[in-house]
1. What helices (runs of 4 or more DSSP H) completely inside segment B:69-181 contain at least 1 residues that are at the interface with another protein chain (Cβ under 9 Å from one of its Cβ atoms), in contact (Cβ under 8 Å) with a residue 40 or more places away in the chain and hydroxyl-bearing (S, T, Y)?
2. Determine whether segment B:108-130 contains at least one residue that is touching a helix residue (DSSP H, G or I) at 6+ places or on another chain (Cβ under 6 Å), of a type in the set (S, T, N, Q) and within 18 Å of B:L62 (Cα to Cα).
3. What number of residues within segment A:45-57 satisfy the criterion of being in contact (Cβ under 8 Å) with a residue 24 or more places away in the chain and within 14 Å of chain B (Cβ to nearest Cβ)?
4. Give segment B:230-242 a look and list any residue that's surrounded by fewer than 20 Cβ atoms within 10 Å (Cβ to Cβ) and facing chain A (nearest Cβ under 7 Å), or say none.
5. Would you please name the residue that is surrounded by the fewest Cβ atoms within 10 Å (Cβ to Cβ), looking only at residues in segment B:220-229 that are touching a helix residue (DSSP H, G or I) at 6+ places or on another chain (Cβ under 7 Å) and part of a helix (DSSP H, G or I)?
6. Tell me yes or no: at least one residue of segment B:153-160 is crowded, with 17+ Cβ neighbours inside 10 Å, touching a helix residue (DSSP H, G or I) at 6+ places or on another chain (Cβ under 9 Å), of a type in the set (V, I, T) and closer than 26 Å to B:S58 by Cβ.
7. Counting residues that are within 12 Å of chain B (Cβ to nearest Cβ) and within 20 Å of A:L178 (Cα to Cα), which helices (runs of 4 or more DSSP H) fully inside segment A:70-160 reach at least 3?
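The values are calculated or read from the model by the stated rules, or taken from the named source; none is laboratory data. In this text, all values refer to a predicted model and were calculated from it rather than measured experimentally. No Cβ is skipped: glycine too gets one built from the backbone with ideal geometry, and neighbour counts run over all protein chains shown.
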Amino acid sequence: MRGAVSALAAVLGRLGLWGRGVVVAVPYLWLMLFFLVPFLIVFGISFSESVIAQPPYAPLVEWLTDEDAGTTKLQLLLNLTNYLRLTGDDLYILAYLNSVKIALVTTLLCLFIGYPMAYAIAKAPPARRGPLMMLVILPFWTSFLIRIYAWIGILKGNGVVSNLLEWAGITSGPVEILYSDWAVYIGMSYCYLPFMVLPLYSTLEKMDPTLLEAAADLGCRPFKAFLTVTLPLSIPGIVAGSLLVFIPSVGEFVTPELLGGPDTLMIGRVLWNEFFANRDWPVASAVAIALLLVLVVPIMIFQYVQAREAEER
Amino acid sequence: MKRIGFLSWALWFGYAFLYVPIVLLVVYSFNESRLVTVWGGFSTKWYGELMNNDALLSAAGLSLQVAAVSATLSVILGTCAGMAMSRFGRFRGRTLFGGLITAPLVMPEVITGLSLLLLFVAMEQLIGWPDGRGVTTITIAHTTFTASYVAVVVQSRLAGMDGSLEEAAMDLGARPAKVFFVITLPIIAPALVAGWLLAFTLSLDDVVVASFVSGPGSTTLPMVIFSSVKFGISPQINALATLMILLVAAGIFVASIVMTRQDRQRKRDEQMALQTG
């Protein structure tokens, strides 16, 4: 009897282990197949040659049969022209620089609007903080596309802003803000603002209020106390929020496409056009790899900050 | 005193920045005039036209279907991933696994879309599946990038949960599977609901990835909106946006009512337990 029970326990134990294995293996394999492998394929195709065929790229690996010698050899062709094109053509370099510039301006705008908001919410009475934060996150639940669309009606010539400026007598006639870099800055900081406020709020809320009281007791003026106590302590939040805004902004496609002008160059747009308009899959892949290279450092800093935060908890 | 004034001013400015565009969008959906920004009187005719726009309605149906299926799949995958990350300690390949979970969160959409399309094309050449691109490929793509969000939500809920309950059940002889279904699952259920809703919203919102991996005949709602918005504004899109905002507001309203009711129930149960014990 005892033998039977222990055998059963052993089987169940193995089943338990097996169940655990499945729990890890299913998402692991899914992410390998649909995230890691695709990425390696992009890397591979970025070394391929564009051809008029279906699919429109030359295979990297080919079996070459030499009829005379009677041998077969495996040939691997790595083509660097796509990358040379990226470095040789001003269009691509300008697109990269412009993407980084637009992402930086967006991040700064979010910081300037978001920091006072997060600070004010963290200073509010505890019962009111939850609803106030909720109001910041709510717009995130409505469609991104719809929120960008809302700005078209506001920024276009004869739109809301233009009419307001004219009514106030600041301008005489319609102003067209739409289809310019400024429209892109406004639209992007509008969409990414919650990403900035969230981490800022969570660091500011955790801050010990007695530190500010101590500073005040020692005769420090509130503004100086803010600069010397609050601001340095909120740096982790500033870094996390800035990266959360900066990283997706660099590769952004929808906002510059809808709000930007034809000369608002961004890498996301270049990649899209190479793929859909020029049907040049290898160059689109090379652009993707280069975009990732731009993002590798910020992503690594972000992972590091997150890991440190998790350790502190 | 002056500083408080500045802060509340900044707060009001921030909220105005966030909400005025949405309010204007809704107001102008009831505008008679075709010129969206010129007020021509109150009218609901754009809602009527919307109901007769077959292309848009069928795209909406397709999007809802894709969003529901991919959100369900990603809750299953994300829960497994979240459990593995927060409950299984160290296992082989954990670092890579952690990276694979967080990377899709920051990956630019254009790269995700391009890489998945290239995978589907390569797979079709190698094994003949997926046969062309359409609903299946969009669903797979959405599941992949939304599962990461679910994993993060579930993981943070698990991290905030008291592990001693699971240990107690284990000490009393419950098998891991039973512990999960009887103890862990009910406790993390709100996170699963939140994760499902988040995945559903993200899928319903995606235009970039879907454009890459969709085929002829499978156009999602965001793709239709995007192509019509590209050529300027149309009051029909305002009407559609208003309906979508209404839907979200209703969903959040219901969710908050359910949550407060559950909270009250829990408090009542705790009091009962205290009184009897």
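1. Counting at least 1 such residues, we get B:94-106, B:109-127, B:135-159.
2. Checking segment B:108-130: not a single residue is touching a helix residue (DSSP H, G or I) at 6+ places or on another chain (Cβ under 6 Å), of a type in the set (S, T, N, Q) and within 18 Å of B:L62 (Cα to Cα).
3. Narrowing segment A:45-57 to residues in contact (Cβ under 8 Å) with a residue 24 or more places away in the chain: A:45-50, A:55-57.
Those still in the list that are within 14 Å of chain B (Cβ to nearest Cβ) too: A:45-48, A:50, A:55-57.
Qualifying residue count for the region: 8.
4. B:K230 - this is the single residue of segment B:230-242 that is surrounded by fewer than 20 Cβ atoms within 10 Å (Cβ to Cβ) and facing chain A (nearest Cβ under 7 Å).
5. Among residues in segment B:220-229 that are touching a helix residue (DSSP H, G or I) at 6+ places or on another chain (Cβ under 7 Å) and part of a helix (DSSP H, G or I), the one surrounded by the fewest Cβ atoms within 10 Å (Cβ to Cβ) is B:S228.
6. The answer is no; no qualifying residue exists.
7. Of the helices (runs of 4 or more DSSP H) lying wholly inside segment A:70-160, those with at least 3 residues that are within 12 Å of chain B (Cβ to nearest Cβ) and within 20 Å of A:L178 (Cα to Cα) span A:90-123, A:144-155.
Quick grid of which residues meet (1) within 25 Å of B:T95 (Cβ to Cβ); (2) modelled with pLDDT under 90; (3) not hydroxyl-bearing (S, T, Y):
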site	(1), (2), (3)
A:F246	yes, no, yes
A:L258	no, no, yes
A:N273	no, no, yes
A:A284	no, no, yes
A:I289	yes, no, yes
A:V297	yes, yes, yes
A:Y304	yes, yes, no
A:E309	yes, yes, yes
A:E312	yes, yes, yes
